[in-house]
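To start, the structure itself, in structure tokens.
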Amino acid sequence: MAMGLSTAKPYHRRLFLLLLRCTRTAEPSPKCPHHRPLSCSSPAAAAEATHLRRIFRPGDPNRFAPGILDAFWGVRRFSTSVDPISGGDKNLERIFIQNMSVKPIVVDGVDAVPIEDERKEEVDTVVADVEEGKEELCGGKVGDLDQLEGGLEVRQEKEQSEVEKEAWRLLDRAVVSYCGRPIGTVAANDVTAANQAVNYDQVFIRDFVPSALAFLLKGESEIVRNFLLHTLQLQSWEKTVDCYSPGQGLMPASFKVRTVPLDGSNEAFEEVLDPDFGESAIGRVAPVDSGLWWIILLRAYGKITGDYALQERVDVQTGIRLILNLCLSDGFDMFPSLLVTDGSCMIDRRMGIHGHPLEIQALFYSALRCSREMITFNDGSKNLVRAINNRLSALSFHIREYYWVDMKKINEIYRYKTEEYSHDAINKFNIYPEQIPSWLVEWMPDKGGYFIGNLQPAHMDFRFFSLGNFWAIVSSLATPRQAEGILNLIEDKWDDIVGRMPLKICYPSLEYEEWRIITGSDPKNTPWSYHNGGSWPTLLWQFTLACIKMGRSELAQRAVAVAEKRLPIDKWPEYYDTRSGRFIGKQSRLYQTWTIAGFLTAKMLLENPAAAAVLTCDEDLELLQGCACSLSKNARIKCSRLAAKSQDMK
Ligand code: GLC
């Protein structure tokens, strides 16, 4: 575990030194100016490209003046202290970031504090580290995988097919640059939809993940490194929706590189990054999954390139902690799963997945596993690691036990008694058997099962959601037996889940009254379209990962073959419609980047299955033993963890 163990430096000290360094750089931060929008590739501009400026929106009283968070190193120019949280996850440290969303932080007198001689050397070392990191971000020092020690050997030797060549051309065309450096990929490059781009001209965090993996597996790491560091800067952005500011650890759903006149001039321009945290998104939904994807990608980047120094940086460690702080903070909830609003993930419109949707829980579990590996272990972080372990343990038990359905479980639910008021109720969530949908009675195969979409008091959402089930396998949230069961179900229900285009985002669709009430009569999410039972080829790479992990690559091969025949002819659509995925989606964008990148990543993983390990996690049996209930002498508290564990032994 914890690869950072041996290299750990005292965390408090480093933060202090960073703070010290930051106050010394109080002079105006360099920008990335250029005189024509297209000429910002001048070496001078590129060399200064480490800085962000927020866009000032006139007339918005809640917006602060431009330039406040403009320096990369200034973004982390805050005081950081570590205190225990009271109540709930008692052992979790909380990082307080002072004043960050209001004013630039000026720490008076820090320069005047005398630095003891023996620490002066350390100050200089950290200053040098900071300078070096700054240079790396802009200059893309991390180069070839060949030059990195410990990186995964992933070069593809095989001759590419024509389809792959086309996909690479399109993926390269989707690359977005910021001050002359690659920073991400645009969501779609659909010229036919130029006038209705909506926000498809932005770099989405979740959409970039398959692009990042394709680039990394090809040996191109600079774009991913830049992406990780620049989105980290955006994490600290001031964000407001109607006078309310959401949590500091929030990562944006997407961002756009804009070219704006420099200081009111018509001659000079500069590039700025403009993030969307949900404050412009349709429905104003916060993207809970963005931070989780960021953590998952950070770990994969380290494993593929061997550049572990990136995740050990103080600002990156702080970024991880801020995301975890948001996720692990106490609330009113009784469950270890994350409570979110509708549309807070890939399904970013109203689809009745508010509450505890499986997709978020599986990504959360995965991000916790990845963080545990990356957090630099020391006195300052041990409580956080303990809190992560506790949550992992509780979450895996909760999902394995209560979200899992197969024939046996459905039959149990069918015979449930209701209104049981007691600690040892069998029907803990008071599920009425009448909720079992008629489609499921026929659909559930004898062999296999899956995790349901959501669990709430008196409510089980029995729809099958692909992404959540795939990530449950990939992260080992599912037991090996459950993981096997999910793939068995997909094989058995191939026509429903893969059909003519892999893969259904969820099965089945909501129809009639359900569609009207649950989606709010959403014309984009009509039955068997878009999020409501549409087919999304981007899910291929995640399915491939799950198959490789379970030694069932042949299933992924079959699905990739289905997609490969149609995607280039259909111009790489975002999604497909109809029950079997026969039509290109009604409002589907063409040349959708994550369709292209998902296909390439799936192909590359199949050619190099060992690379799947950079994203997967193995079963951790210790997590099942670390149950708080077992410490209690209280006979009323009944825990069925051992049952869950032994289920796997059967
Ligand atoms: C749609 C999808 C979302 C995706 C975005 C950009 O809003 O629902 O998951 O990130 O398009 O492709």
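Since every read-out is calculated from the coordinates, none of them should be taken as a lab result. The shown structure was predicted, so the numbers you read here are calculated from the model rather than taken from an experiment. Note: ideal-geometry Cβ built from the backbone for every residue, glycine included; neighbour counts use all protein chains shown.
Shown in residue order for the stretch 468-476 are the 3J(HN,Hα) couplings computed by the Karplus curve 6.51 cos²θ - 1.76 cosθ + 1.60 at θ = phi - 60°: x, 5, 5, 6, 5, 6, 4, 8, 6 Hz (x for Gly and Pro).
Quick one: if the Förster radius is 51 Å, what FRET efficiency do residue 618 and residue 265 give, using the C-beta to C-beta distance and rounding to 0.05?
Working: r = 56 Å, r/R0 = 1.11.
Given R0 = 51 Å and the Cβ-Cβ separation, E is 0.35.
Could you please state, rounded to a whole Å, how far the C-alpha centre of the stretch 445-486 is from the C-alpha centre of the stretch 492-511? The distance from the Cα centre of the stretch 445-486 to that of the stretch 492-511 comes to 15 Å. For the stretch 507-613, trypsin sites (Lys or Arg not before Pro) meeting the loop criterion (DSSP other than H, G, I, E, B) and having at most 15 other Cβ atoms within 10 Å: 524, 582, 586.
Taking the square roots of five times each eigenvalue of the Cα gyration tensor of the stretch 176-625, the equivalent ellipsoid has semi-axes of 33, 26, 22 Å, listed largest first. Counting 0.36 nm for each residue step from residue 168 to residue 430 and taking away their Cα separation leaves a gain of 89.2 nm.
Computing FRET efficiency as 1/(1 + (r/R0)^6) for residue 401 and residue 565, where r is the C-beta to C-beta distance and R0 is 41 Å, gives about 0.50.
How big is the charge dipole of the stretch 176-625 about its Cα centre, in debye rounded to the nearest 20, if each Lys and Arg gets +1 on its Cβ and each Asp and Glu gets -1 on its Cβ? Each step should come with its number before you reach the end.
On the way: 44 positive and 54 negative charges, 154 e Å.
Charge dipole of the stretch 176-625: 740 debye, to the nearest 20.
What is the sum of charges around residue 580, taking Lys and Arg as +1, Asp and Glu as -1, for the other residues whose C-beta is under 11 Å from the C-beta of residue 580? Can you show the working numbers first?
On the way: positive: 500, 504, 579, 582; negative: 495, 496, 577.
Local net charge: +1.
By the count of neighbouring beta-carbon atoms within 10 Å, fewest first, 240, 595, 479 end up ordered 240, 479, 595.
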